[in-house]
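All of the numbers you see were taken from the coordinates with simple rules; none came from a lab. Not measured: the values here are computed from a predicted model. Heads up, the Cβs are rebuilt from the backbone with ideal geometry, glycines too, and the neighbour counts pull from every protein chain shown.
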Amino acid sequence: MQIFGVDIGGSGIKGAPVDLDRGDLTQERFKVLTPHPATPDAVADGVKEVVAHFGWTGPVGITFPGVVNGGDTVRTAANVDKAWIGTDARALLSGRLGGLPVTVLNDADAAGVAEMQFGAGRDRKGTVLLLTFGTGIGSALFIDGELVPNTELGHLELNGHEAEKRASTKVKEDQQMTWEHWARRVTKYLAHVEMLFSPELFIIGGGVSRKADRFLPLIQGIRAEIVPAQLENNAGIVGAAMRAAAKSAT
């Protein structure tokens, strides 16, 4: 079974058809740059371009970088235009895609769903936290395999600052940090999150997961196991497709 997944990020909008039996893309993903300002209409146009690239005509799962209540209403928009707040994302995106069935969920939640089914969290019980490092820091919290949606732990305060303003991949790049410097900030963030949630496992996702060997060995003093996401930066696309498939089956 194939379903289309789209991952809306602060820097890019990417998508591809997904094989739900294997949890993998069936074609090379197609990406467009996230428009700036990332208004609802401009982002919807980007999603349309990605889906049209494949000539897709079935259900579509779409991630959003913020809180999405009930799969409809956007409540936060830290890394896209604030005009998204209060927008019915499902109605907007379905309309732009010519009425195709659309399912919308938080981007990190989508990545987490995929990793728990097909990746680093498979068969893991207890408390598992996936953290995606990119333009911001996303989070997906699982208790015995069940998702606690829209946690948005990248917005926790850390040393008087919002955590994602100190330890995201974007901050590392903007400030030209060494891996050692950035790893120290990530360590402080993980220690804070561990104090609050006591997870057995941290899964580190986002594009930086492809370079896990550069920074994970530098993270010391965390009691929980720390592993890179196995689906790397495709996890959001896969998770979005999984959620769309579950929705279309009900």
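Output the pairs from LYS48/LYS170; LYS31/LYS125; LYS31/LYS82; LYS165/LYS247 with a Cα-Cα distance over 31 Å in this structure; if there are none, say none.
Numbers: LYS48/LYS170 26 Å; LYS31/LYS125 34 Å; LYS31/LYS82 23 Å; LYS165/LYS247 34 Å.
With Cα atoms farther than 31 Å apart: LYS31/LYS125; LYS165/LYS247.
So for ASP24, ASP107, fewest C-beta neighbours within 10 Å to most, what's the order?
ASP24, ASP107
Of the DSSP beta bridges with both residues in the range 104-214, give the percent that are antiparallel, rounding to the nearest 5.
Antiparallel bridges: around 70 percent, rounded to the nearest 5.
Compute the distance in nm between two label points, each set 7 Å from the Cα along the Cα-to-Cβ direction, one at LYS165 and one at GLN27.
The two pseudo-label positions are separated by 4.2 nm.
Sequence gap at least 6, Cα distance under 8 Å: using those rules, report the relative contact order of the range 1-118 to the nearest whole percent.
Normalised by residue count, the contact order of the range 1-118 is 25 percent.
Could you work out the relative contact order of the range 57-150? I mean the mean sequence separation of Cα pairs under 8 Å and 6+ apart, divided by the number of residues, in percent.
Relative contact order, the range 57-150: 25 percent.
What FRET efficiency comes out for the pair HIS36/ARG122, r = Cβ-Cβ distance, R0 = 41 Å, nearest 0.05? Provide the component values of the computation, followed by the final result.
Values: r = 37 Å, r/R0 = 0.90.
The computed FRET efficiency comes out at 0.65.
Counting only residues 5 or more places away or on other chains, whose amide H sits under 5 Å from the amide H of ALA78 once H atoms are built in the peptide plane?
none
Angle check, please: helix 235-248 long axis (alpha carbons) against the longest principal axis of the chain (alpha carbons), in degrees 0 to 90, nearest 10.
50 degrees
Could you work out how much longer the chain between MET1 and GLU225 gets when fully extended? Use 0.36 nm per residue separation minus the Cα distance between them, nm to one decimal.
So the extension gain works out to 77.3 nm.
For GLU180 and GLU200, what is the calculated FRET efficiency with R₀ set at 22 Å and r taken between the beta-carbons, to the nearest 0.05? Don't jump to the answer; show the numbers that get you there.
Values: r = 27 Å, r/R0 = 1.22.
Taking R0 as 22 Å, the efficiency between GLU180 and GLU200 is 0.25.
Cα centroids of the range 151-210 and the range 220-250: how far apart, whole angstrom?
Rounded to whole Å, the Cα centres lie 18 Å apart.
Work out from phi, with θ = phi - 60° and the Karplus expression 6.51 cos²θ - 1.76 cosθ + 1.60, the ³J(HN,Hα) of each residue of the range 108-124, listed in order in whole Hz, and give x for Gly and Pro.
5, 4, 4, 4, x, 4, 5, 5, 6, 8, 10, x, 5, x, 4, 6, 8
Near LYS31, within a Cβ-to-Cβ distance under 13 Å, what is the net charge of the other residues, with Lys and Arg +1 and Asp and Glu -1?
Charge balance near LYS31 sits at -1.
Determine which aspartates and glutamates satisfy two conditions relative to LYS172: a Cα distance under 14 Å, and not lying fewer than 8 residues away in the same chain.
Those aspartates and glutamates meeting the cut-off are GLU164, GLU180.
Using DSSP, restrict attention to beta bridges with both residues in the chain and report what percent are antiparallel, rounded to the nearest 5.
60 percent
Please compute the length gained on full extension between PHE54 and GLU157, using 0.36 nm multiplied by the number of residues separating them and subtracting their Cα-Cα distance.
Details: separation 103, 0.36 × 103 = 37.08 nm, distance 4.12 nm.
Going from the current span to full extension adds 33.0 nm.
Just add up the charged neighbours of PRO228: K/R +1, D/E -1, any other residue whose Cβ is under 12 Å from the Cβ of PRO228.
Local charge sum for PRO228: -1.
What residues have an amide H closer than 5 Å to that of VAL104, excluding those fewer than 5 places away on the same chain, when H is modeled at 1.01 Å from N in the peptide plane?
The answer is ILE62.
Do you know the relative contact order of the chain, to the nearest whole percent, from alpha carbon pairs under 8 angstrom that are 6+ apart? Spell out each step's value before the answer.
On the way: 570 pairs, mean separation 56.2, N = 250.
In percent, rounded to a whole number, it is 22.
Pairing the Cα long axis of helix 179-197 with the longest principal axis of the chain, what angle in degrees results, from 0 to 90 and rounded to the nearest 10?
The two axes meet at around 80 degrees.
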